[in-house]
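The values are calculated or read from the model by the stated rules, or taken from the named source; none is laboratory data. Fair warning: this is a prediction, and the values are worked out from it, not measured in the lab. Neighbour counts are summed over all protein chains in view; Cβ atoms, including those assigned to glycine, are modelled from backbone coordinates with ideal geometry.
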Amino acid sequence: MITVHVPLGDRSYDVFVGHGARRELAALLPTTAKRAAIVTQAGIPVRVELGIPSETFVIGDGEHHKSLATIETLCRGFAGMGLTRNDVVIGVGGGMVTDVAGFAASVWHRGIPVVHVSTTLLGMVDAAIGGKTGVNLEAVDGVGGKNLVGAYWQPSGVICDLDALSTLSSRELRCGRGEMAKYHFLTGDDLLAMAEPERIARCVQIKAEVVAGDEREGGRRALLNYGHTLAHALEIETEYEIAHGEAVGVGLIYAAHLARRLGRIGDARVQQHYDVVEGAYELDGSLPPGLHPQQLVRLMGLDKKVLDGGLTFVLDSDRGVEVVKGVSPEAALAALADMG
């Protein structure tokens with residue numbers, strides 16, 4: 001068992017990584033908790049033992065269920081079971097589950113404890129760590145977006161039970177590799193050279209270090225969004241037919257082309273992105289067919305990271321990955337064309 005500490009003062013917590021890690025769950029529950037609300041999805045093969053009474057709430061599959069309507073349904077369920085602010089919410093599932101469970105916990109009685117049991121590779125290396133929760137805002141009259149409504153709400157602890165990985169499809173594992181590839185460019189670590197437990201724990205450690213220094217994304221934490229601006233646009237435009245980690249792989253390639261277009265990196269560094277994303281991590285870095293570049297640029301302009309004065313991206317340079325503000329729509333469009 002590997003334990004990674006997320007140092008956030010009185011909101012600090014531990015992440016347990018290893019086979020059979022869910023056996024550590026009871027130790028993470030608040031001592032005040034007399035009952036637990038378990039938020040999960042149908043078909044998730046992980047069962048948890050808490051030692052206290054619980055009720056299970058099964059949310060729908062698919063990003064259209066990652067919504068305010070789902071949060072309302074959960075909160076009505078919490079009310080029905082008499083969940084108090086001294087009790088606990090347990091999110092058992094992938095990134096969607098932990099995002100939804102965390103947000104529901106953050107608003108129920110203005111915030112109650114939540115513990116995440118992550119069951120996907122993407123969730124273990126990224127989504128369950130760091131306290132960012134949120135749901136999507138359904139587009140109305142062309143206005144909406146991914147994770148636009150949410151809160152920063154740190155868990156009391158996180159379980160990454162590697163036994164769950166053997167139940168995942170090849171596509172779900174590929175999604176996790178998209179986030180791992182991002183960490184490669186943030187640190188230069190050769191994650192693929194590590195054994196699986198150490199590799200996942202290293203990803204958790206990287207994120208924990210960033211979150212500890214910038215919990216609410218006022219600066220360095222924004223670097224964790226490398227590849228995500230186009231990724232979110234692709235998810236929305238394809239109605240989530242492209243999964244998040246797959247979209248991040250494409251977004252990393254796009255970010256390299258945009259950085260070259262802006263004179264921040266050269267051809268060799270762009271090729272390194274292809275070598276890592278497509279070669280080492282076996283992701284498809286090409287744009288899905290049939291999409292309209294102008295629409296993708298418009299959607300990138302609605303991303304939650306956008307600041308006043310043009311588009312905002314996280315881009316590579318000879319100084320490393322940086323937040324770049326004020327990118328023109330013309331440059332963003334040209335970089336899409338550069339991808340072929």
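A few points about this structure:
- Residue within region 46-61 that is under 21 Å from G150 (Cα atoms), of a type in the set (A, V, I, L, M) and touching a residue at least 60 places away in the same chain (Cβ under 8 Å) present: no
- D316 being modelled with pLDDT under 95 and of a type in the set (D, E): no
- Checking the stated criteria, D303 turns out not to satisfy the condition of being of a type in the set (D, E, K, R), in contact (Cβ under 8 Å) with a residue 24 or more places away in the chain and surrounded by fewer than 17 Cβ atoms within 10 Å (Cβ to Cβ).
- Condition met for D161 (in the same structural domain as G18 (by TED's automatic domain parsing), among the acidic types (D, E), touching a Cys at 6+ places or on another chain (Cβ under 9 Å) and at negative phi): no
- Any hit, region 131-139, residues being exposed (fewer than 15 other Cβ atoms within 10 Å of the Cβ), out of contact with any His (no Cβ under 8 Å at 6 or more places or on another chain) and either assigned by TED's automatic domain parsing to the domain that holds R110 or modelled with pLDDT under 95 (or both): yes
- When the criteria are applied in full, L258 meets the requirement of being touching a residue at least 24 places away in the same chain (Cβ under 8 Å), in a helix (DSSP H, G or I), in contact with a strand residue (DSSP E or B) (Cβ under 7 Å, 6 or more places away or on another chain) and not small (G, A, S).
- Within region 27-68, tally of residues that are surrounded by fewer than 13 Cβ atoms within 10 Å (Cβ to Cβ) and of a type in the set (G, A, S): 5
- Complete set of residues in region 203-241 that are part of a loop (DSSP other than H, G, I, E, B) and surrounded by fewer than 18 Cβ atoms within 10 Å (Cβ to Cβ): D214, R216, G218, G219, T238, E239, Y240, E241
- Of everything in region 292-313 that is of a type outside the set (D, E, K, R), outside any helix (DSSP H, G or I) and over 15 Å from L252 (Cα atoms), the residue that is modelled with the highest pLDDT is H292.
- Region 267-291 residues that are free of Cβ contacts under 8 Å to residues at least 24 places away in the same chain, paired with ones that are assigned to a helix (DSSP H, G or I) (beta carbon under 6 Å, 6 or more apart): V270/A256; V270/R260
- Restricting A164, A181 to those that are more than 19 Å from G285 (Cβ to Cβ), among the hydrophobic types (A, V, I, L, M, F, W, C) and crowded, with 24+ Cβ neighbours inside 10 Å reduces the list to A164.
- Search result, residues across region 190-202 that are surrounded by fewer than 16 Cβ atoms within 10 Å (Cβ to Cβ) and free of Cβ contacts under 8 Å to residues at least 40 places away in the same chain: D190, A193, M194, A195, E196
- Checking each residue in region 1-13 for being in contact with a helix residue (DSSP H, G or I) (Cβ under 9 Å, 6 or more places away or on another chain) and surrounded by fewer than 16 Cβ atoms within 10 Å (Cβ to Cβ) picks out M1, T3, H5, P7, L8, S12.
Residue-wise test of (1) touching a Ser or Thr at 6+ places or on another chain (Cβ under 7 Å); (2) closer than 14 Å to A233 by Cα.
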site: L262; (1), (2): no, no
site: I265; (1), (2): yes, no
site: R269; (1), (2): no, no
site: H273; (1), (2): no, no
site: E282; (1), (2): no, no
site: L287; (1), (2): no, yes
site: V297; (1), (2): no, yes
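- Members of region 261-285 found to be within 15 Å of L333 (Cα to Cα) and either among the small types (G, A, S) or outside the structural domain of V323 (by TED's automatic domain parsing) (or both), listed by number: none
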